[in-house]
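Below: the structure, in structure tokens.
The values are calculated or read from the model by the stated rules, or taken from the named source; none is laboratory data. Worth saying up front: this structure is predicted, and the values here are computed from it rather than measured. Here the Cβ positions follow ideal geometry from the backbone for every residue, glycine too, while neighbour counts run over all protein chains shown. Remember, those area values only see protein heavy atoms, side chains included, never the ligands or the DNA or RNA. Shrake-Rupley method; radii C 1.70, N 1.55, O 1.52, S 1.80 Å.
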Amino acid sequence: EIHGDCFQMLMIGDGPNKSELEREAYSLGIGDNVIFTGNIPHADLSSYYRACDLFLFASQTETQGLVLQEAMAATLPVVAIKASGVCDIVRNGENGFMTVMDKSAFTHAMENTLLHSRQYKRLSAGAYETAFRNTDDQMAEQAESSYIQMCGERRADIAKQSAAKITQSIPVQNY
């Protein structure tokens, strides 16, 4: 079901299914609404993000979530299929929506985001906050903190094991 002819969709990137997706867009009657850009130089991506209202992400194999961060830095709410990288970044109702691999659920999340201006503004602001809450420096600090905590816990475990071995090896004297 098409909800009007009032949209444009950018499909950025390339891959073995590009020709098939182009044919599918025309067979669905939306071929004039979908622009297949092919690969874009990384330095130019921010201009493409800024030209959009929403970032759609249906990959279940991208685990880093870098493109989600980039889109959010451009204040784009995200609608994505739930997968490992997505779960780390997208917060339902805060900066976008995650759905299961279901066309109806994905469509509902897109509509829910775009058709409610107050919610869209809140999600857009949340996306921007998320992007800058997860800068490289902040992520490095979090990793360092986790590492230090794990090392401290490991040292405590080793100390307990050593103390137990020492007390076991000390002969007990009865007076």
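Quick look at the numbers
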| quantity | calculated |
| --- | --- |
| Within the range 103-124, tally of residues that are exposed (fewer than 14 other Cβ atoms within 10 Å of the Cβ) and part of a helix (DSSP H, G or I) | 6 |
| So VAL100, is it free of Cβ contacts under 8 Å to residues at least 24 places away in the same chain, β-branched (Val, Ile, Thr) and open to solvent by 90 Å² or more (accessible area, probe 1.4 Å) | yes |
| Every pair of residues 6+ apart whose Cβ atoms lie under 8 Å, when the first sits in the range 119-130 and is among the β-branched types (Val, Ile, Thr) while the second is part of a helix (DSSP H, G or I) and open to solvent by 10 Å² or more (accessible area, probe 1.4 Å) | THR130/GLN69; THR130/ILE89 |
| Candidates ALA105, ALA51 - the one that is touching a residue at least 40 places away in the same chain (Cβ under 8 Å) and over 19 Å from GLY126 (Cβ atoms) | ALA51 |
| Flag for ALA143 being of a type in the set (Gly, Ala, Ser), modelled with pLDDT of 70 or more and under 19 Å from the mean Cα position of the chain (by Cα) | no |
| Hits in the range 64-82 - residues which are within 16 Å of MET101 (Cβ to Cβ) and either modelled with pLDDT under 90 or surrounded by fewer than 17 Cβ atoms within 10 Å (Cβ to Cβ) (or both) | LYS82 |
| Selection within the range 15-35 - open to solvent by 80 Å² or more (accessible area, probe 1.4 Å) and among the polar types (S, T, N, Q) | ASN17, SER27 |
